[in-house]
1. Strictly over 25 Å apart at the Cα level, which of Lys37/Lys143; Lys68/Lys143; Lys29/Lys131; Lys37/Lys160; Lys104/Lys160; Lys97/Lys143 would you flag in this model?
2. Hey, any idea what % of the range 51-174's accessible area is carbon plus sulfur with a 1.4 Å probe?
3. Just to confirm the filter: which GluC sites (Glu not before Pro) across the range 33-117 are DSSP coil and have at most 15 other Cβ within 10 angstrom of their Cβ?
4. Show me the trypsin sites (Lys or Arg not before Pro) within the range 41-130 that DSSP assigns to loop and that have at most 16 other Cβ atoms within 10 Å of their Cβ.
5. Under 8 Å for C-alpha pairs, at least 6 residues apart: give me the relative contact order for the range 19-130, rounded to a whole percent.
6. What's the ranking of 133-143, 160-170 by average number of surrounding C-beta atoms within 10 Å, highest first?
7. Sticking to Cα atoms, compute the Rg of the range 71-141 to one decimal and its Dmax as the biggest Cα-Cα distance, whole number, in Å.
8. For the range 22-98, state which chymotrypsin sites (Phe, Trp or Tyr not before Pro) are in a DSSP loop and have at most 14 other beta carbons lying within 10 Å of their beta carbon.
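The values are calculated or read from the model by the stated rules, or taken from the named source; none is laboratory data. Just so we're clear, the structure is a prediction, and the values are computed from it rather than from any experiment. All Cβ positions, glycine included, derive from the backbone under ideal geometry; neighbour counts span all protein chains shown. Remember, those area values only see protein heavy atoms, side chains included, never the ligands or the DNA or RNA. Shrake-Rupley method; radii C 1.70, N 1.55, O 1.52, S 1.80 Å.
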Amino acid sequence: TIRLCQRSSRSFEKLLSERIEKSMTDTEKTRNIFLQKIMEQYDIDFRNTGIEHTFAVVHFSTLLAKQKNERLDLAQIASYLHDIAYYTSHYEGNHAKRSADMAKTILETATHLSPAEIEVVIQAIAHHSDKDKIHDGLCEILKDADVLAHALNTPSEFLKEVEKKRWQNIHLSK
């Protein structure tokens, strides 16, 4: 009887977990995956920096997407994953490309986004370090949100030159 109750309890927990997972939005799933992956980072200061930076980018991208009538969910998903390679493995090479590759795998397996939606997110992540170039709407939102997050935590005199130029051209009102 005890084993039956334990099995029933585990079955109920699994069913409840599956139902919660199904009711989560793609943005919530992405946020949870980001947090799960970054919590594996042993350097606590680096982990905390990653969390602070990423959440700042999410907030700024949400504001910019609202202002530009772009999809909030795609802006937030791109923001959660834009530096995933850097903050989970200290990868400093072309972290934008590596993060885009990681994001593609995550989005294809954990979300209900269409291939076209995934491609838009992947392109934004892949180009977010190209601050001196102009791309489509979501790419520009992610780049601007990244610069705003850097400016929030870095005195402007320490921003990269290309970030300073972008910083001067960001308008948060219509």
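1. On the way: Lys37/Lys143 23 Å; Lys68/Lys143 14 Å; Lys29/Lys131 28 Å; Lys37/Lys160 28 Å; Lys104/Lys160 28 Å; Lys97/Lys143 14 Å.
Beyond 25 Å: Lys29/Lys131; Lys37/Lys160; Lys104/Lys160.
2. Carbon-and-sulfur percentage of accessible area, whole number: 53.
3. Values: sites: Glu40, Glu52, Glu70, Glu92, Glu108, Glu117; in loops: Glu40, Glu70, Glu92.
Here the sparse-neighbourhood loop sites are Glu40, Glu92.
4. Filter output for the range 41-130: Lys68, Arg71.
5. Relative contact order comes out at 28 percent.
6. 133-143, 160-170
7. Every Cα atom of the range 71-141 included, Rg and Dmax give 11.3, 32 Å.
8. In loop regions of the range 22-98 (DSSP not H, G, I, E or B), the sparsely surrounded chymotrypsin sites (Phe, Trp or Tyr not before Pro) are Tyr42.
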